[in-house]
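Working notes, beginning with the structure itself.
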Amino acid sequence: MRLILFGMPGVGKGTQAKILSQKHGAIHVSTGDMLRSNVQNGTPLGAMAKTYMDKGELVPDHLIIAMIEEVLSSPKARKGYVLDGFPRTVAQAEALETILWRANVPIDRAINIVVDEEEVVRRLSGRMTCPNCGAIYHKYNQPPKTPDMCDQCGHVGLVQRNDDKEETVRHRLEVYHKNTEPVLEFYRKKGAIVDVDGAKPVEEVTASIEALVQNGKA
Ligand code: AP5
């Protein structure tokens, strides 16, 4: 499976990418998770990225493209991947085309998960993540079985992301409209993207994406 998941912040890209990559033996390539791990580990890339991420701005293209090039050319990418949060600018989409052309492995599907803007604000303001394994929860929609404890790894102490404050979320949405919507247009012109209703329950969204991947309806 080689899949790109698009959509506004909070539509459920990470949630779906985790489920699909686990089920289909692919790797989950989240530029957001990779950057957060660099921030946590105090790397020079993390220090640079943090200044952009905390404000809800995009990290410069050349840093992101170098990071993606490294992952997609690694042996672990041969079993397939789900791209989550990349590409996010037309320059990133063009760079991806070159990477795929060089490797001679086209993507199977590009899926745009669609959710109403006010709903994504509600989702992000209630999101909690496990700082240990990255599992994603929601205070009301998808609470962990035991309050504050991760179902996946047992870590106690779920956290809210720095960029999930309402003001920053609203700015991330503006950045999405300005920089990432043109990427959708880039793929629509090629007839290479299909919309999925992301307002349905998690399992139904997963089933819709799988049906599109399996039946070749993109
Ligand atoms: P990133 O981490 O990629 O954030 P994002 O794209 O803004 O997306 P989110 O992770 O916020 O949302 P999601 O769609 O994954 O939703 P989730 O599944 O968590 O990027 C963060 C920052 O890093 C950027 O702002 C930028 O600075 C930088 N960055 C990253 N990539 C970059 C790039 N390529 N170029 C430049 N900069 C980059 O779900 C959200 C909530 O909803 C959860 O609580 C979940 O439980 C709940 N939920 C999910 N699905 C459902 C459902 N079907 N029904 C009800 N609730 C649901």
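Could you tell me whether any residue of region 201-213 is more than 23 Å from Gly25 (Cβ to Cβ), of a type in the set (A, V, I, L, M) and either open to solvent by less than 40 Å² (accessible area, probe 1.4 Å) or within 13 Å of the ligand (Cβ to nearest atom) (or both)?
Checked region 201-213: no residue is more than 23 Å from Gly25 (Cβ to Cβ), of a type in the set (A, V, I, L, M) and either open to solvent by less than 40 Å² (accessible area, probe 1.4 Å) or within 13 Å of the ligand (Cβ to nearest atom) (or both).
Which members of region 126-139 meet the condition of being within 9 Å of the ligand (Cβ to nearest atom) and open to solvent by 30 Å² or more (accessible area, probe 1.4 Å)?
Correct list: Arg127, Met128, Ile136, Lys139.
Count, please, the residues in region 140-160 that happen to be basic (Lys, Arg) and either under 20 Å from Ala17 (Cα atoms) or not in a loop (DSSP other than H, G, I, E, B) (or both).
The total comes to 0.
Please give the number of the condition Val159 fails out of (1) among the hydrophobic types (A, V, I, L, M, F, W, C); (2) more than 25 Å from Glu57 (Cβ to Cβ); (3) without any contact (Cβ under 8 Å) to a residue 40 or more places away in the chain.
The one condition Val159 does not meet is (2).
Suppose we keep only residues that are in a helix (DSSP H, G or I) and among the hydrophobic types (A, V, I, L, M, F, W, C) within region 68-90. Which one would you say is nearest to Ala110 (Cα to Cα)?
Residue satisfying both the conditions and the ranking: Val90.
The values are calculated or read from the model by the stated rules, or taken from the named source; none is laboratory data. Bear in mind that the values here come from a model prediction, so they are computed numbers and not experimental data. Cβ coordinates were reconstructed from backbone atoms using ideal geometry, including for glycine residues, and neighbour counts include every protein chain displayed. Keep in mind that these areas ignore ligands, DNA and RNA; they rest on the heavy atoms of the full protein, side chains included. Shrake-Rupley method; radii C 1.70, N 1.55, O 1.52, S 1.80 Å.
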